[in-house]
Amino acid sequence: MKKTPLTQIEDNTDGQLALDVYQTKSHIVILAPIAGVKIEDMSVEITDDVLTISGHRHLENTIKEENYFTQECFWGDFSRSVVLPASVDTNKISADFKDGVLEIKIPKIEKIRSKVIRIKTSKK
């Protein structure tokens with residue numbers, strides 16, 4: 001089964017989060033593993049159909065670069081924005097953070113594609 005990538009907006013100055021985005025019958029669900037970050041150091045914002053997760057991962061110890069064998073972890077500011085793949089109710093978003101995983105649930109709404117308008121006749 002071929003997976004279609006989400007449209008994403010990138011900011012190359014920040015680290016980028018890995019995300020899983022999927023749908024249920026009633027919700028768009030976003031999972032973001034964010035180990036080592038406190039709730040007060042991250043934010044979730046939505047504007048129109050773009051959801052942005054951003055924050056800062058602090059490195060407690062300052063280690064000289066020459067002492068690293070491998071450095072794959074990102075420390076500092078991070079962000080990730082995605083265009084939501086369906087119409088959603090932005091007033092009913094919920095976000096939970098447990099065991100280093102941020103879970104965002106956004107209720108989907110039916111987008112009215114067409115509507116029949118009844119025409120009344122005016123009596124004179």
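Search region 1-23 for residues being exposed (fewer than 10 other Cβ atoms within 10 Å of the Cβ) and β-branched (Val, Ile, Thr), and hand back the single one that is modelled with the lowest pLDDT. Full working, then the answer.
Quick first cut of region 1-23, residues exposed (fewer than 10 other Cβ atoms within 10 Å of the Cβ) only: 1-5, 12-13, 18.
Subsequent filtering for residues that are β-branched (Val, Ile, Thr) retains 4, 13.
Details: Thr4: 45, Thr13: 60.
Going through the qualifying residues, I end up with Thr4.
Keeping to region 89-108, report how many residues are of a type outside the set (A, V, I, L, M, F, W, C), in contact (Cβ under 8 Å) with a residue 24 or more places away in the chain and part of a strand (DSSP E or B).
Of all residues in region 89-108, those of a type outside the set (A, V, I, L, M, F, W, C) come to 89-92, 94, 96, 98-100, 103, 105, 107-108.
Next cut, in contact (Cβ under 8 Å) with a residue 24 or more places away in the chain only: 90, 100, 103, 105, 107-108.
Within this subset, residues satisfying the condition of being part of a strand (DSSP E or B) are 103, 105, 107-108.
Residues in region 89-108 being of a type outside the set (A, V, I, L, M, F, W, C), in contact (Cβ under 8 Å) with a residue 24 or more places away in the chain and part of a strand (DSSP E or B): 4 in total.
When region 35-51 is examined, which residues are found to be in a strand (DSSP E or B) and of a type in the set (A, V, I, L, M)? Talk me through it step by step, then tell me what you get.
The initial filter retains those residues of region 35-51 that are in a strand (DSSP E or B), namely 42-47, 50-51.
Of everything in region 35-51, those that are in a strand (DSSP E or B) and of a type in the set (A, V, I, L, M) turn out to be Met42, Val44, Ile46, Val50, Leu51.
What is the residue count in region 52-88 for residues that are part of a strand (DSSP E or B) and in contact with a strand residue (DSSP E or B) (Cβ under 6 Å, 6 or more places away or on another chain)? Break it down stepwise before answering.
Of the residues in region 52-88, the ones part of a strand (DSSP E or B) are 52-57, 76-83, 88.
Remaining after also requiring in contact with a strand residue (DSSP E or B) (Cβ under 6 Å, 6 or more places away or on another chain): 52-56, 77-83, 88.
Residues that pass the stated criteria total 13.
Check region 30-45 and report whether any residue there is among the small types (Gly, Ala, Ser), modelled with pLDDT under 95 and touching a Gly at 6+ places or on another chain (Cβ under 6 Å).
Within region 30-45, one or more residues are among the small types (Gly, Ala, Ser), modelled with pLDDT under 95 and touching a Gly at 6+ places or on another chain (Cβ under 6 Å).
Quick check: is even one residue across region 95-102 at pLDDT below 90 and surrounded by 10 or more Cβ atoms within 10 Å (Cβ to Cβ)? It would help to see each step written out before you state the result.
The first filter runs over region 95-102 and keeps only residues at pLDDT below 90, leaving none.
Checked region 95-102: no residue is at pLDDT below 90 and surrounded by 10 or more Cβ atoms within 10 Å (Cβ to Cβ).
Working only within region 15-43, note down all residues that are more than 17 Å from His56 (Cβ to Cβ) and among the charged types (D, E, K, R).
Passing the criteria: Asp20, Lys25.
The values are calculated or read from the model by the stated rules, or taken from the named source; none is laboratory data. Please read these numbers as outputs of a predicted model, since none were measured by experiment. Cβ: placed from backbone, ideal geometry, glycine included. Neighbour counts: every protein chain shown.
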